[in-house]
Amino acid sequence: MKRILLIILFVSSIIFAQSENVTNKWEPFNFLIGKWEGSGTGKFGDSKIEREYEYLMGGTYIIGKNISIYEEQEKNPKGEIHDHWDIISYNKVKAIYVFRQFHAEDITNTFILDSLNAAQGILEFESVWIENFIEDLKAKEVYKIINENEFIEIFYLAAPGKEYSEYVRNTFKRIN
């Protein structure tokens, strides 16, 4: 009987530890979960943005769905709707976060979390691969967490041999 109780205790502690690890692995990103509204400004003008983040496949991934609407304006005379999805995963073998953006224009950005300055409220992703776009272009995506209901997202690009320059800056507020 003692042996059975020890086995049950041991198995229970393993299961609890595993579920705790799943929760803990998303700690830097948990603030994102929910619906957001925002506005942006950048190379293509000003935009209004709707975004939603949720856990996917039982907490294996985080997915973000984004729609940016650019009305007709000087920087964007025809206006446009920009649609992209973000998927964040955790590579257990390399102990790194991978962030992929799938854009409607058939461009896919793959980023690795470069610095995790959670105490300062900054998540910075550096590109390792950009699919279907300019070869050797580099990109950086930075999230500056203002508080649990606000964050700023800045997207930077760098042409080959050049320094990063700000391409788009978006400001978000939680709506749910």
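The values are calculated or read from the model by the stated rules, or taken from the named source; none is laboratory data. Model, not experiment: these values are computed from the prediction. Ideal geometry is used to build each Cβ from the backbone, glycine not excepted, and the neighbour counts take in all protein chains shown.
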Output yes when any residue across the stretch 129-149 is among the acidic types (Asp, Glu), in contact with an Asp or Glu (Cβ under 6 Å, 6 or more places away or on another chain) and closer than 21 Å to LYS173 by Cα, and no when none is. no
Would you check which residues across the stretch 117-134 are more than 14 Å from the chain's Cα centre (by Cα) and either within 14 Å of PHE102 (Cα to Cα) or modelled with pLDDT of 95 or more (or both) and list them? VAL128, TRP129, ILE130, GLU131, ASN132, PHE133
Tell me yes or no: at least one residue of the stretch 64-75 is over 14 Å from GLY40 (Cβ atoms), in contact with a helix residue (DSSP H, G or I) (Cβ under 9 Å, 6 or more places away or on another chain) and either surrounded by fewer than 18 Cβ atoms within 10 Å (Cβ to Cβ) or modelled with pLDDT of 95 or more (or both). yes
Is it true that LYS43 is at pLDDT below 95, among the basic types (Lys, Arg) and within 18 Å of LYS92 (Cα to Cα)? no
From the set of residues in the stretch 38-61 that are over 19 Å from LYS173 (Cβ atoms) and of a type in the set (A, V, I, L, M), which is surrounded by the most Cβ atoms within 10 Å (Cβ to Cβ)? LEU56
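The rows are residues; the columns are (1) surrounded by 13 or more Cβ atoms within 10 Å (Cβ to Cβ); (2) modelled with pLDDT under 95; (3) of a type in the set (Phe, Trp, Tyr); (4) closer than 25 Å to GLU52 by Cβ.
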site	(1), (2), (3), (4)
TYR97	yes, no, yes, yes
THR110	yes, no, no, yes
SER115	no, yes, no, no
LYS140	yes, no, no, yes
PHE151	yes, no, yes, yes
ARG174	yes, no, no, yes
Between TYR53, TYR90, TYR61, TYR70, which is touching a Leu at 6+ places or on another chain (Cβ under 7 Å), hydroxyl-bearing (Ser, Thr, Tyr) and on the phi < 0 side of the Ramachandran plot? TYR53
Wholly within the stretch 65-170, strands (runs of 3 or more DSSP E) carrying at least 2 residues that are in contact (Cβ under 8 Å) with a residue 60 or more places away in the chain, closer than 21 Å to GLY38 by Cα and in contact with a Lys or Arg (Cβ under 8 Å, 6 or more places away or on another chain): 150-158
Just to be sure before I move on: is ILE146 modelled with pLDDT of 95 or more, aliphatic (A, V, I, L, M), in contact with a strand residue (DSSP E or B) (Cβ under 7 Å, 6 or more places away or on another chain) and surrounded by fewer than 15 Cβ atoms within 10 Å (Cβ to Cβ) in the structure I sent? yes
Looking only at the stretch 54-93, and only at residues there that are closer than 16 Å to GLU153 by Cβ and among the small types (Gly, Ala, Ser), the one that is farthest from the chain's Cα centre (by Cα): SER68
